[in-house]
Amino acid sequence: MARVFVYGTLKKGQPNYYRMFDSANGKTEFLASARTTQKYPLVIAGNYNIPFLLNIPGQGHRIQGEIYKVDDRMLRFLDDFEGVPAMYQRTLVKLEVEEWVAQTEGEERPSAGSITEAFVYSTTTYQPDWPSLRSYESYDAYGGHGLEYVTREGRD
Ligand code: PCA
């Protein structure tokens, strides 16, 4: 079991969310909504309008996202889907809990404001102009920016 913080197309309502709930890929459970304790640039880049959290702490915004518990099979699926280590790198990030939703066995649910840690798909291997792109606090593929995500199936 592992915890993954998602901030992009894997969030609820976003184009790749369903992949985490395809039982052929493994198991996923929603735990909490959260925000990174540090600021990072979250940009939309490349021909396919892919969201990337750039591993430049201190720049950008505290990023909003969701924490999921995944089994080892789902973690391997996500690593493969996210192109680790070439496209994204999976690293640990510190998070401030907004709302913990899942039941916890025996113990209290972490309260809003408590600090936890999870894996995140971020990148240190970005193009030189990416840090100066517009940075978002909360990603939405269908947002007013007009940079709609191009799904795997839609690429040529
Ligand atoms: N998928 C991962 C990283 C960026 C993306 O689109 C996520 O949602 O966190």
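Observations on the structure shown:
- Where Arg90 falls short, out of the listed (1) closer than 23 Å to Tyr149 by Cα; (2) more than 14 Å from the ligand (Cβ to nearest atom); (3) of a type in the set (Lys, Arg): (2)
- For the stretch 126-153, the candidate set comprises residues that are loosely packed, with under 13 Cβ neighbours inside 10 Å and within 14 Å of the ligand (Cβ to nearest atom); within that set, the residue that is modelled with the highest pLDDT is Tyr142.
- Failed item, numbered, when Gly13 is tested on (1) within 13 Å of the ligand (Cβ to nearest atom); (2) in contact with an Asp or Glu (Cβ under 7 Å, 6 or more places away or on another chain); (3) more than 17 Å from Ser135 (Cβ to Cβ): (2)
- Top-ranked residue in the stretch 78-123 [being surrounded by fewer than 16 Cβ atoms within 10 Å (Cβ to Cβ) and in contact with an Asp or Glu (Cβ under 8 Å, 6 or more places away or on another chain); ranked as nearest to Ala45 (Cα to Cα)]: Leu92
- Val43 fulfils the conditions (1) over 15 Å from the mean Cα position of the chain (by Cα); (2) surrounded by 13 or more Cβ atoms within 10 Å (Cβ to Cβ); (3) at negative phi except for a single criterion, (1).
- Those residues of the stretch 1-20 which are aromatic (Phe, Trp, Tyr) and either crowded, with 19+ Cβ neighbours inside 10 Å or in contact with a strand residue (DSSP E or B) (Cβ under 6 Å, 6 or more places away or on another chain) (or both), in sequence order: Phe5, Tyr7
- Filtering the stretch 42-73 to residues that are more than 13 Å from the ligand (Cβ to nearest atom) and either assigned to a strand (DSSP E or B) or at pLDDT 95 or above (or both) leaves Ile56, Pro57, Gly58, Gln59, Gly60, His61, Arg62, Lys69, Asp71, Asp72, Arg73.
- Among the residues of the stretch 74-110, the ones that are among the charged types (D, E, K, R), in a strand (DSSP E or B) and closer than 19 Å to Met20 by Cα come to 1 in all.
- Residue check for Glu117: more than 27 Å from His145 (Cα to Cα), free of Cβ contacts under 8 Å to residues at least 12 places away in the same chain and more than 10 Å from the ligand (Cβ to nearest atom): no
- In the set Phe30, Phe5, only one residue is more than 9 Å from the ligand (Cβ to nearest atom) and not in a helix (DSSP H, G or I); that residue is Phe30.
- Cβ-Cβ under 8 Å pairs, at least 6 apart or on other chains, the stretch 48-62 side at positive phi, far side within 10 Å of the ligand (Cβ to nearest atom) and assigned to a loop (DSSP other than H, G, I, E, B): Asn49/Ala141; Asn49/Tyr149
The values are calculated or read from the model by the stated rules, or taken from the named source; none is laboratory data. Keep in mind that what you see is a predicted model, and the values were worked out from it rather than measured. Reconstructed Cβ throughout: ideal geometry from the backbone, glycine too, with neighbour counts over all protein chains shown.
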